[in-house]
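What follows draws every value from the coordinates through simple rules; no lab data is involved. Bear in mind the structure is a predicted one, so any value in this text is a computation, not a measurement. When we count neighbours, we look across all protein chains shown, and the Cβ atoms used for this are built from the backbone with ideal geometry, even at glycine.
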Ligand code: NAP
């Protein structure tokens, strides 16, 4: 039986690689993205070629109305939802916290915290209704532990909120066989660093890590798929570092 997986932010980076691997491991996919339709189509095409049924669910997770639309599209395609990779997330330019603005905080927290919590809540309601349990993996960040001084302390704080949310929601849902975990990627080679104005960040810092390299999207996607799988059936409420040792 193929399981159904919703991935937010699936048009690029970690989300796109998770979709590619999940299709090969027997999941059908609901793929969310915000604006990059062409890239999302390419991810869907590769997943279909691997045997998955795929529906695209465009929408901005920072907008509650668009979250409703994402789930309406998902519900029309799939009667059941088994798993969520709560991946959509943003950074912003490097600043010191004495320069932070309300508009910037709103943007970061609306996507990374409020959007992620609302998406997880909607997904878990569907897992409860299905009656066969489920699994959620939230995308935190090594930044939640390290604080990201002189880069984006606000982003780090948004990911620390995800760690706490993961633990609390996991405890609420454990009795219903719905497992909720998180991964904390470190310095992973994706476009997110260019969006934060520092395209070389992962490779520049990667060499100074204990494992002496930047992480790949596959490093993170493999950890996510492990936590979703039955191999992790006794793991809930935990956050797994995928950080090259830092
Ligand atoms: P990425 O390459 O920038 O991809 C981000 C994805 O999220 C894209 O598909 C983007 O879609 C989507 N997205 C952004 N804002 C959205 C919104 N408001 N609603 C819906 N989708 C949205 O990022 P990544 O590096 O793969 O990061 C994925 C997750 O891992 C994020 O939560 C990030 O914080 C976390 N993380 C990454 C690293 C790293 O080093 N890369 C480290 C720690 C944690 P569009 O292109 O269509 O906007």
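Quick grid of which residues meet (1) within 22 Å of residue 189 (Cα to Cα); (2) touching a helix residue (DSSP H, G or I) at 6+ places or on another chain (Cβ under 8 Å); (3) buried (at least 24 other Cβ atoms within 10 Å of the Cβ):
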| position | (1), (2), (3) |
| --- | --- |
| 133 | no, yes, no |
| 140 | yes, yes, yes |
| 144 | yes, yes, no |
| 147 | yes, yes, no |
| 150 | yes, no, no |
| 154 | yes, yes, no |
| 158 | yes, yes, yes |
| 161 | no, yes, no |
| 168 | no, no, no |
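Scanning the stretch 215-246 for residues that are near the ligand (Cβ under 10 Å from one of its atoms) and over 23 Å from residue 112 (Cα atoms) yields nothing. Regarding residue 15, is this residue out of contact with any strand residue (DSSP E or B) (no Cβ under 6 Å at 6 or more places or on another chain) and under 25 Å from residue 230 (Cβ atoms)? So residue 15 does not fit the description; no.
Filtered by the rule that a residue be touching a strand residue (DSSP E or B) at 6+ places or on another chain (Cβ under 7 Å) and more than 21 Å from residue 91 (Cβ to Cβ), the stretch 191-231 gives 227, 228.
Of the residues that sit in the stretch 223-246 and are touching a helix residue (DSSP H, G or I) at 6+ places or on another chain (Cβ under 7 Å) and assigned to a helix (DSSP H, G or I), which one is farthest from residue 6 (Cα to Cα)? Taking the candidates together, the pick is 232. For the stretch 32-48, the set of residues classified as buried (at least 24 other Cβ atoms within 10 Å of the Cβ) and touching a helix residue (DSSP H, G or I) at 6+ places or on another chain (Cβ under 6 Å) consists of 32, 33, 43, 47, listed by residue number. A count restricted to the stretch 187-207 and to residues that are in a helix (DSSP H, G or I) and surrounded by 19 or more Cβ atoms within 10 Å (Cβ to Cβ) stands at 5.
Within the stretch 196-224, residues that are without any contact (Cβ under 8 Å) to a residue 40 or more places away in the chain reach partners that are surrounded by fewer than 16 Cβ atoms within 10 Å (Cβ to Cβ) with beta carbons closer than 6 Å, at six or more positions or on different chains, in the pairs 206/213; 209/245; 209/246; 210/245; 211/245; 214/203.
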